[in-house]
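What follows is a set of notes on a single structure, which appears directly below.
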Amino acid sequence: MRRRDFLLGLFSVIVLAPINALAALWNKSAFEAAQLAEATKHLTIDTEIISQDIEIIAPERAENGAVVPVEVRSNIANTEAIAILVEKNPTPLIANFMFSNGAEPYVVTRIKMAETSEIKVIVKAGSQYFTQVKNVVVLENGCG
Amino acid sequence: MGAVDMVELIADKIKMRAQLTGDIVEVKVLMSHPMETGRRKNDIEQLIPAHFIQLLTATLNGKTVLEAQWGTGISKNPYLTLRLKGAKVGDVVEIIWHDNLGKSAVQSVIVTQAL
């Protein structure tokens, strides 16, 4: 019986470990933060330098806040990660992209915007953080 | 052949394309996912539970090139473009995602020359 218990225990560890490991990877406190400053704090960002070397391409006016296309490119050397936040969303942190092994610091995606707001991009390069914003006028709420 | 069958089975969850132009491979990915925020209500005023992709990984020939964490702010049926340097025709790009309900999808594509 003891051996079986041990084996069952071992089995459950093996089966459950990947799920727990994945859950641990996701920055829950940053994504569930209701204020932008709180989200950046949980991303362990303290100081950001405003940079013209971050390009944000998004529409000036978005008809539908549920689908706002965003293109982000960092021209900052050694860019490791690009985070996208929307200041006035119920949870401002949208995504954090980490690049490696030849991936360009570039991403295109589509995001939800609850109301007219700035899209804030934060780039991590080494131990430094750089930022740029782009205002988007939202005509129809997209968060529901 | 087994691998081909599997790709077809999951083809509805992730559609992707990877094309080489110059020295850059552009990967375009379209995923099928509701991306529910957990704040929306249905017709009888009940909250629809949150259901969204949390983690997405892209690999090139098995090596990680992108690790993304997402919240509920990515639009329904997520779209993604990424660009890879040093990739060539015949290389394999794979995308895998995991959502908050423990579901996953995986898809891969071979890099082709842009026309």
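The values are calculated or read from the model by the stated rules, or taken from the named source; none is laboratory data. No experiment lies behind these values; they were computed from the predicted model shown. Here Cβ is always computed from backbone atoms with ideal geometry, including for glycine, and neighbour counts include all displayed protein chains. Protein only, heavy atoms only, side chains kept; ligands, DNA and RNA dropped before computing areas. Shrake-Rupley method; radii C 1.70, N 1.55, O 1.52, S 1.80 Å.
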ask   = What do you reckon, is A:E140 more than 9 Å from chain B (Cβ to nearest Cβ) and farther than 22 Å from B:K41 by Cβ?
value = no
Candidate set from the range A:58-85 (those that are out of contact with any Gly (no Cβ under 9 Å at 6 or more places or on another chain) and without any contact (Cβ under 8 Å) to a residue 40 or more places away in the chain); member that is farthest from the other protein chains (Cβ to nearest Cβ) = A:N75
task = Check A:I122 against each of (1) away from every other protein chain (no Cβ under 12 Å); (2) surrounded by fewer than 20 Cβ atoms within 10 Å (Cβ to Cβ); (3) touching a helix residue (DSSP H, G or I) at 6+ places or on another chain (Cβ under 8 Å) and name the one condition it does not meet.
result = (2)
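Matching residues to (1) exposed (fewer than 10 other Cβ atoms within 10 Å of the Cβ); (2) modelled with pLDDT of 55 or more; (3) over 22 Å from the mean Cα position of the chain (by Cα):
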{"position": "A:R2", "(1), (2), (3)": "yes, yes, yes"}
{"position": "A:L8", "(1), (2), (3)": "no, no, yes"}
{"position": "A:F11", "(1), (2), (3)": "no, no, yes"}
{"position": "A:V15", "(1), (2), (3)": "yes, no, yes"}
{"position": "A:A24", "(1), (2), (3)": "yes, yes, no"}
{"position": "A:N27", "(1), (2), (3)": "no, yes, no"}
{"position": "A:E32", "(1), (2), (3)": "no, yes, no"}
{"position": "A:L36", "(1), (2), (3)": "no, yes, no"}
{"position": "A:K41", "(1), (2), (3)": "no, yes, no"}
remark   = The correct count of residues that are on the phi > 0 side of the Ramachandran plot and more than 9 Å from chain A (Cβ to nearest Cβ) in the range B:48-104 is 3
inquiry  = What pairs come out if I take residues in the range A:100-111 that are facing chain B (nearest Cβ under 7 Å) and pair them with residues that are in a loop (DSSP other than H, G, I, E, B) and surrounded by fewer than 21 Cβ atoms within 10 Å (Cβ to Cβ) whose C-beta lies under 6 Å away, six or more apart or interchain?
reply    = A:G102/B:G86; A:R110/A:V67
remark   = By residue number, the members of the range A:43-54 that are within 19 Å of A:V136 (Cβ to Cβ) and surrounded by 14 or more Cβ atoms within 10 Å (Cβ to Cβ) are A:I54
remark   = Scanning the range A:55-73 residue by residue, the ones that are over 15 Å from the mean Cα position of the chain (by Cα) and open to solvent by less than 10 Å² (accessible area, probe 1.4 Å) total 3
query = Which number in (1) away from chain B (no Cβ under 13 Å); (2) open to solvent by 60 Å² or more (accessible area, probe 1.4 Å) marks the one condition that A:K88 misses?
reply = (1)
query = How about the range A:113-126: which of its residues are of a type outside the set (D, E) and in contact with a strand residue (DSSP E or B) (Cβ under 7 Å, 6 or more places away or on another chain)?
reply = A:M113, A:T116, A:S117, A:I119, A:K120, A:V121, A:I122, A:V123, A:K124, A:A125
ask   = For the range B:38-47, does any single residue satisfy the condition of being more than 7 Å from every other protein chain (Cβ to nearest Cβ) and in contact (Cβ under 8 Å) with a residue 12 or more places away in the chain?
value = yes
